[in-house]
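*Asks:* Quick one: the structure is below, and I'll ask about it shortly.
The values are calculated or read from the model by the stated rules, or taken from the named source; none is laboratory data. Bear in mind that the values here come from a model prediction, so they are computed numbers and not experimental data. Neighbour counts are summed over all protein chains in view; Cβ atoms, including those assigned to glycine, are modelled from backbone coordinates with ideal geometry. Protein only, heavy atoms only, side chains kept; ligands, DNA and RNA dropped before computing areas. Shrake-Rupley method; radii C 1.70, N 1.55, O 1.52, S 1.80 Å.
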Amino acid sequence: MEVGAATRPKLGEVECGDQYIILRDDEKRTTLIALADGLGHGSKAAEAARAAIEYVETNRDMDLEVLMEGCNKAISHTRGAALSLLRIDEAKSELCFVGVGNVELRARTSQGRNNVVNSPGIVGHRMRRVREYGFGLIPGNLFLLHSDGISSRVDLGSYDSMPCGEMAQDILSRHGKEHDDATCVVIRY
């Protein structure tokens, strides 16, 4: 499995309101990835996103739905965030995903597009019940997890041979919106 990520703040801002974390457990052969997009921009957005990421890091072994519910309570003192969590289990060849708000997961697989729907709301404030999605994985699957600072017009098919780190940088530079914080995480299984 290969993972690459790229992030930058909104044009004119110093702090990025998007935060991500990639947590690998070699013993279990799992990887947990979280991407939080704090509401708005600047230091208060960054504070909310960091709080979400810190909670995820501390509680990484929880089931995704339980982790999202706990994060909702843990960051209620902030302005809130959109948050997506995904866990890849290489031993089971499975990806599980849960999301709230506008941090999107896109996929390119030989089985076609796997549609996931994030729950509406704001983690830390107005979050509805979340739904976990699970997918079987086969070699060659490509996933893009991105904040709303990345255009949804990214064509994953044009990135077949590029390493994930380069792909994330290219997606950020070509499809990042200057008026918003922008972050993307690319995963190739």
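*Asks:* Please enumerate the residues belonging to segment 38-71 that are open to solvent by less than 10 Å² (accessible area, probe 1.4 Å) and within 18 Å of ILE88 (Cα to Cα). Steps first, answer last, please.
*Replies:* Within segment 38-71, the subset open to solvent by less than 10 Å² (accessible area, probe 1.4 Å) is 38, 42, 45-46, 48-49, 52, 56, 64, 67-68, 71.
Once the filter is applied, which keeps residues that are open to solvent by less than 10 Å² (accessible area, probe 1.4 Å) and within 18 Å of ILE88 (Cα to Cα), segment 38-71 yields VAL56, LEU64, LEU67, MET68.
*Asks:* Hey, can you tell me all the residues within segment 27-36 that are open to solvent by less than 10 Å² (accessible area, probe 1.4 Å) and not small (Gly, Ala, Ser)? Give the steps one after another, and end with the answer.
*Replies:* If we filter segment 27-36 for residues that are open to solvent by less than 10 Å² (accessible area, probe 1.4 Å), which is where we start, we get 31-36.
Matches in segment 27-36: THR31, LEU32, ILE33, LEU35.
*Asks:* SER110 is checked against (1) closer than 25 Å to CYS96 by Cβ; (2) open to solvent by 30 Å² or more (accessible area, probe 1.4 Å); (3) at pLDDT 90 or above and fails just one. What number does that condition carry?
*Replies:* (3)
*Asks:* Test VAL66 against the criterion of being in contact (Cβ under 8 Å) with a residue 24 or more places away in the chain and of a type in the set (A, V, I, L, M, F, W, C), and give yes or no. If you could, list the steps in order and put the result at the bottom.
*Replies:* Values: in contact (Cβ under 8 Å) with a residue 24 or more places away in the chain: no; of a type in the set (A, V, I, L, M, F, W, C): yes.
It is false that VAL66 is in contact (Cβ under 8 Å) with a residue 24 or more places away in the chain and of a type in the set (A, V, I, L, M, F, W, C).
*Asks:* Go through segment 119-149 and count every residue that is open to solvent by less than 70 Å² (accessible area, probe 1.4 Å), of a type outside the set (Val, Ile, Thr) and in contact (Cβ under 8 Å) with a residue 24 or more places away in the chain.
*Replies:* Step one: of segment 119-149, the residues open to solvent by less than 70 Å² (accessible area, probe 1.4 Å) are 119-124, 127, 130, 132-138, 140-149.
Next, only the ones that are of a type outside the set (Val, Ile, Thr) stay: 119-121, 124, 127, 132-137, 140-149.
Subsequent filtering for residues that are in contact (Cβ under 8 Å) with a residue 24 or more places away in the chain retains 124, 127, 132-137, 140-149.
Of the residues in segment 119-149, 18 are open to solvent by less than 70 Å² (accessible area, probe 1.4 Å), of a type outside the set (Val, Ile, Thr) and in contact (Cβ under 8 Å) with a residue 24 or more places away in the chain.
*Asks:* Let me ask something additional. Looking only at segment 150-177, count every residue that is open to solvent by 60 Å² or more (accessible area, probe 1.4 Å), in a helix (DSSP H, G or I) and of a type in the set (Asp, Glu) and tell me the total.
*Replies:* So the answer is 1.
*Asks:* Inspect segment 141-150 for any residue being within 13 Å of the chain's Cα centre (by Cα), modelled with pLDDT under 90 and polar (S, T, N, Q) and give the result as yes or no.
*Replies:* Filtering segment 141-150 down to residues within 13 Å of the chain's Cα centre (by Cα) leaves 143-150.
Remaining after also requiring modelled with pLDDT under 90: none.
No; the residues of segment 141-150 include none that is within 13 Å of the chain's Cα centre (by Cα), modelled with pLDDT under 90 and polar (S, T, N, Q).
*Asks:* Can you tell me which residue among VAL116, VAL103 is under 24 Å from THR30 (Cβ atoms) and in contact (Cβ under 8 Å) with a residue 40 or more places away in the chain?
*Replies:* On the way: VAL116 fails: in contact (Cβ under 8 Å) with a residue 40 or more places away in the chain.
After ruling out the rest, the residue left standing is VAL103.
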